1. Thr40 fails exactly one of the following numbered conditions: (1) in contact with a Leu (Cβ under 6 Å, 6 or more places away or on another chain); (2) part of a helix (DSSP H, G or I); (3) within 28 Å of Asn13 (Cα to Cα). What is the number of that condition?
2. Just wondering, is there one or more residues in region 169-180 that are outside any helix (DSSP H, G or I) and touching a residue at least 12 places away in the same chain (Cβ under 8 Å)?
3. Residues Ala201, Ala178, Ala219: which one is buried (at least 19 other Cβ atoms within 10 Å of the Cβ) and small (Gly, Ala, Ser)?
4. Answer yes if at least one residue in region 201-208 is assigned to a loop (DSSP other than H, G, I, E, B) and hydroxyl-bearing (Ser, Thr, Tyr), and no otherwise.
5. Residue under question is Asp62, and the condition is that it be exposed (fewer than 13 other Cβ atoms within 10 Å of the Cβ), over 18 Å from Pro246 (Cα atoms) and without any contact (Cβ under 8 Å) to a residue 40 or more places away in the chain; does it hold?
6. Does region 135-169 hold any residues that are at pLDDT below 95 and not β-branched (Val, Ile, Thr), and which are they?
Amino acid sequence: MSDQPIKLPPRPNKIPFAADLLAGNTVLISGAGGGLGGATARLAGKLGAQVVLVGRTEAKLDAVRAEIEAAGGKAVCRSVDVRNRTEVDTLYAWLNDTLGPPDILVNSAGGQFPQAAIDYSEKGWNAVINTNLNGTFHMMQAAARLWRDTKHPGSIVNVVVEPRGLHGVAHTLAARSAVIAFSNAVSVEWGPLGIRVNCVAPGLVRTDGWKVYSPEAVASYMRCNPLMDVGSAEEIAEACIYVASPAASYMTGAVITIDGGSQHWGEIWTTGKPDYFRNP
């Protein structure tokens, strides 16, 4: 086989959904001011949904809302710390009173920092676990209770991570793996309530969050999978919308992995690859 790989054609810059796919639906998105959450929110707005943007930074939420409205969509913002159950419950009570129960929940809120696990402080560990795991749990359970009480079906999509070969962020791997396990469990428990629960696991995706990683780590990212490429936030958003929408009505308890094949080959060192592994 040639040492020179075939260059893949550019990805199509078109939305692969009917323009009214989410018309009449309310889509609640946590972490909506960030890369993946913001991209999912903008796409949901283009597909006719009423989008509810949730996050901690109002300025970021307002910027995404303005983009959605400029494109002819509908969006509202709510400043919520998903780690705080009282704030989450207040969000759902407000939502039920104003727009009614949401039809779709996309949990994209999260955060982490690159560091060797042996150096984590208790505060740093708890910060990641509380946002990525506990915050996701609060949003999921509060949604399920509202749907149960109002006899309203629902669809949950949790953005997690592709864990194979991902190093330097063990705290988020622990939290996201727990989210996958919890999602699998409640996909069974909540099935009789008409609630679907699925996960989307991105590999490397180019977002503003890359600024926390070292230049050495970022330079290696293009060679971490068989496609020798990184994904875009828009591609992950399309997967989230597909899994959440009626197009995937027979899907629950699944994890959709979008990683350029890195689950089978490759490695990602967010902290830079140690010499020990460079020269075994």
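The values are calculated or read from the model by the stated rules, or taken from the named source; none is laboratory data. Since the structure is predicted, the reported quantities are computational estimates derived from the model, not experimental observations. Note that we place each Cβ from the backbone using ideal geometry, even for glycine, and neighbour counts take in every protein chain shown.
1. (1)
2. Yes, region 169-180 has at least one match.
3. Details: Ala178 fails: buried (at least 19 other Cβ atoms within 10 Å of the Cβ); Ala219 fails: buried (at least 19 other Cβ atoms within 10 Å of the Cβ).
One residue alone meets the criteria, Ala201.
4. Within region 201-208, the subset assigned to a loop (DSSP other than H, G, I, E, B) is 203-204, 207.
Now drop any that are not hydroxyl-bearing (Ser, Thr, Tyr), which leaves 207.
Among the residues of region 201-208, at least one is assigned to a loop (DSSP other than H, G, I, E, B) and hydroxyl-bearing (Ser, Thr, Tyr), which makes the answer yes.
5. No: the conditions fail for Asp62.
6. Going residue by residue through region 135-169, those that are at pLDDT below 95 are 161-169.
Selection gives Glu162, Pro163, Arg164, Gly165, Leu166, His167, Gly168.
One line per residue, one yes/no per condition, for (1) at pLDDT 95 or above; (2) of a type in the set (Phe, Trp, Tyr); (3) in a strand (DSSP E or B); (4) in contact with a Pro (Cβ under 9 Å, 6 or more places away or on another chain):
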| site | (1), (2), (3), (4) |
| --- | --- |
| Val218 | no, no, no, no |
| Asn225 | no, no, no, no |
| Ala237 | yes, no, no, no |
| Gly266 | no, no, no, yes |
